[in-house]
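Enquirer: Supplied in structure tokens, the structure appears directly below.
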Amino acid sequence: MARAAASFCLILFFLSFFVLGNVQGNPNYRDALAKSILFFQGQRSGRLPRSQQITWRSNSGLSDGQLALYVNLTGGYYDAGDNVKFNFPMAFTTTMLSWGTLDYAKQMGPQLQDARAAIRWATDYLLKCARATSGRLYVGVGDPNADHKCWERPEDMDTPRTVYWVSPTNPGSDVAGETAAALAAASMVFRKVDPKYSRLLLNTAKNVMQFAMQYRGAYSDSLGYAVCPFYCSYSGYKDELLWGAAWLLRATNNVSYLNFLNSLGANDGADIFSWDNKFAGARVLLSRRALLNNDGNFDPFRQQAEDFMCRILPNSPSSTIQYTQGGLMYKLPDSNLQYVTSITSLLTTYSNYMAAAKHTFNCGSLQVDYILGVNPLKMSYMVGYGTFFPTRIHHRGSSLPSLASHPQFIGCDSGFQYYYASSPNPNILTGAIVGGPNQNDGYSDDRTDYSHSEPATYINAAIVGPLAFFAG
Ligand SMILES: *[C@@H]1O[C@H](CO)[C@@H](O)[C@H](O)[C@H]1NC(C)=O
Ligand SMILES: *[C@@H]1O[C@H](CO)[C@@H](O)[C@H](O)[C@H]1NC(C)=O
């Protein structure tokens, strides 16, 4: 009965997306793919290499970790429009970039090298965090409350670079599970091209996963004063245990992870996928074995993945998601495009596994096309793509003059004259996808309206795979 309902829903899904996806427009997916990856260079923390192409950025955060703790925590990415390194969303970003790169390596073409470099910028940092001192996993650098009171270039940053960590006495199965997922996924990306690095990633992933499983708890319980409300673990840590174990299972084939997955049980009815909630992602990932290897052990996960599809598709009897008049999936008012890109990545991934297993299932490009300009405003929500795109994004580095054009220090408060200016940002953060339009398909291009105008690493990370899928 459940199976019949699911198939029914998938047929509806096929029809609605196929029809809507062909209404108009013909975006250049290859161009968008290249830009979606280039964006990550604008988010870099640490010492920038000669190959840096977003040249309005310079070195920053060079003493991260060293002043307080004598550990080297340079590198990694600022999460969005600010200058904080939050490992929880950074690790999710890394997992998603790795997933896209792994499954669509062929379709990536010339962008494959750049995607690997974007992943490695994160994993080099995550390895430092996971291997620095035994018993601790570092989970962030930079006091977010102090940072958010300033409008400063990362290069000028003079707010406290406080370091946060979890440990057996203050556990964080959420951030540890996600870090393990990221390292395990990345280990597969580098398996052939850099086997030594790949082994280091995988061995570290196993240790971090062990820590996540053994010391259960949410990192917000001990670090709430720093990570909430920004990246609180609202959904708890069970989803990251599922997701981390699913990635370790794919990377190692060790059946003990399957036993662990089965012991977690429970269907939670998730109709979202994000840096916080990964239940649906884990199930789509686990469906791969059901579809590609015909392994019956994975059928329950595949069933749950299909239940998820039915909750998010328009016209499905169990749908719980709204769509705008212009056809955009509308989940939440704050940074809605993050849900669009992450859920779209699950749809394309699932349809890719179905196609590989010679099932008929087709997924149109409606949501991706909408983001690239096939929408009522004819606006591209990717900066630097097409001719009409957001020019006042909520991003410190992009909105302040570069060091090259303005070498003098701009302090915490002095930056706000640029924040409130009506002029476009001086620096183009090519490839950045912003929070996106409101539920009426409107967009005000207002720097102070961060819930619509702020880009984020996890918005972009999730669209890299779909763009490669459509480009290939
Ligand atoms: C920190 O690590 C980076 C490599 O990731 C290295 O280039 C840098 O010199 C190190 N900093 C210190 C102070 O050791
Ligand atoms: C599988 O993983 C478990 C714990 O996660 C470990 O104890 C065991 O040695 C692993 N088995 C193999 C064959 O590597």
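Enquirer: Out of LEU258, LEU264, LEU248, LEU242, report the one residue that is at pLDDT below 95 and within 16 Å of ligand 2 (Cβ to nearest atom).
Expert: Selected residue: LEU264, the only one of LEU258, LEU264, LEU248, LEU242 that is at pLDDT below 95 and within 16 Å of ligand 2 (Cβ to nearest atom).
Enquirer: Same structure, new question: Going through region 106-129 one residue at a time, which ones are within 16 Å of ligand 1 (Cβ to nearest atom) and surrounded by fewer than 24 Cβ atoms within 10 Å (Cβ to Cβ)?
Expert: Those that are within 16 Å of ligand 1 (Cβ to nearest atom) and surrounded by fewer than 24 Cβ atoms within 10 Å (Cβ to Cβ): ALA117, ARG120, TRP121, ASP124, LEU127, LYS128.
Enquirer: OK, next. On the basis of being free of Cβ contacts under 8 Å to residues at least 60 places away in the same chain and either under 30 Å from PRO407 (Cα atoms) or over 23 Å from the mean Cα position of the chain (by Cα) (or both), does ARG216 make the cut? Spell out how you get there, then give the answer.
Expert: On the way: free of Cβ contacts under 8 Å to residues at least 60 places away in the same chain: yes; either under 30 Å from PRO407 (Cα atoms) or over 23 Å from the mean Cα position of the chain (by Cα) (or both): yes.
Yes.
Enquirer: Given PRO171, PRO154, PRO160, which one is in a loop (DSSP other than H, G, I, E, B) and closer than 18 Å to PRO89 by Cβ? Don't jump to the end; show me each part of the working.
Expert: On the way: PRO171 fails: closer than 18 Å to PRO89 by Cβ; PRO160 fails: closer than 18 Å to PRO89 by Cβ.
After ruling out the rest, the residue left standing is PRO154.
Enquirer: Here's another thing I want to ask about it. With the structure loaded, tell me whether LEU126 is of a type in the set (A, V, I, L, M) and in contact with a strand residue (DSSP E or B) (Cβ under 7 Å, 6 or more places away or on another chain) or whether it fails that test.
Expert: Working: of a type in the set (A, V, I, L, M): yes; in contact with a strand residue (DSSP E or B) (Cβ under 7 Å, 6 or more places away or on another chain): no.
No: the conditions fail for LEU126.
Per-residue answers, yes or no, for (1) of a type outside the set (A, V, I, L, M); (2) buried (at least 24 other Cβ atoms within 10 Å of the Cβ):
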position: ALA132; (1), (2): no, no
position: ALA181; (1), (2): no, yes
position: ALA186; (1), (2): no, yes
position: ASN203; (1), (2): yes, no
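Enquirer: Report, by residue number, each residue of region 273-296 that is part of a helix (DSSP H, G or I) and either of a type outside the set (A, V, I, L, M) or in contact with a Cys (Cβ under 7 Å, 6 or more places away or on another chain) (or both).
Expert: First, pick out the residues of region 273-296 that are part of a helix (DSSP H, G or I): 279-292, 296.
Residues satisfying the conditions are PHE279, GLY281, ARG283, SER287, ARG288, ARG289, GLY296.
Enquirer: If you check LYS358, LYS331, which single one turns out to be crowded, with 22+ Cβ neighbours inside 10 Å and of a type in the set (Lys, Arg)? If you could, list the steps in order and put the result at the bottom.
Expert: Working: LYS358 fails: crowded, with 22+ Cβ neighbours inside 10 Å.
Of the residues listed, the single one that is crowded, with 22+ Cβ neighbours inside 10 Å and of a type in the set (Lys, Arg) is LYS331.
Enquirer: Same structure, new question: Within region 356-376, take every residue that is of a type in the set (A, V, I, L, M, F, W, C) and closer than 19 Å to ILE463 by Cβ and give me the one that is modelled with the lowest pLDDT.
Expert: Taking region 356-376 and keeping what is of a type in the set (A, V, I, L, M, F, W, C), we get 356-357, 361, 363, 366, 368, 371-372, 374.
Going one step further and asking which of them are closer than 19 Å to ILE463 by Cβ, we end up with 363, 366, 368, 371-372, 374.
Numbers: CYS363: 52, LEU366: 84, VAL368: 93, ILE371: 97, LEU372: 96, VAL374: 94.
Going through the qualifying residues, I end up with CYS363.
Enquirer: Anything in region 213-241 that is closer than 14 Å to PHE92 by Cβ and among the aliphatic types (A, V, I, L, M)? List them, or say none.
Expert: Residue satisfying the conditions is VAL227 alone.
Enquirer: Which of the numbered conditions does PHE301 fail, given that it passes all the others? Conditions: (1) out of contact with any helix residue (DSSP H, G or I) (no Cβ under 8 Å at 6 or more places or on another chain); (2) assigned to a helix (DSSP H, G or I).
Expert: With (1) out of contact with any helix residue (DSSP H, G or I) (no Cβ under 8 Å at 6 or more places or on another chain); (2) assigned to a helix (DSSP H, G or I) applied to PHE301, the lone miss is (1).
Enquirer: So, one more: Does GLY236 qualify as being within 23 Å of the chain's Cα centre (by Cα), touching a residue at least 12 places away in the same chain (Cβ under 8 Å), surrounded by 19 or more Cβ atoms within 10 Å (Cβ to Cβ) and not in a helix (DSSP H, G or I)?
Expert: On the way: within 23 Å of the chain's Cα centre (by Cα): yes; touching a residue at least 12 places away in the same chain (Cβ under 8 Å): yes; surrounded by 19 or more Cβ atoms within 10 Å (Cβ to Cβ): no; not in a helix (DSSP H, G or I): yes.
Here the answer is no, as GLY236 does not meet what is asked.
Enquirer: Select from region 247-293 the residues that are on the phi > 0 side of the Ramachandran plot and either within 16 Å of ligand 1 (Cβ to nearest atom) or of a type in the set (A, V, I, L, M) (or both) and list them in ascending order.
Expert: Applying the first criterion (on the phi > 0 side of the Ramachandran plot) to region 247-293 yields 253, 265-266, 269.
Result: ALA266, single match.
The values are calculated or read from the model by the stated rules, or taken from the named source; none is laboratory data. These numbers were taken from a predicted model, which means no experiment stands behind them. No Cβ is skipped: glycine too gets one built from the backbone with ideal geometry, and neighbour counts run over all protein chains shown.
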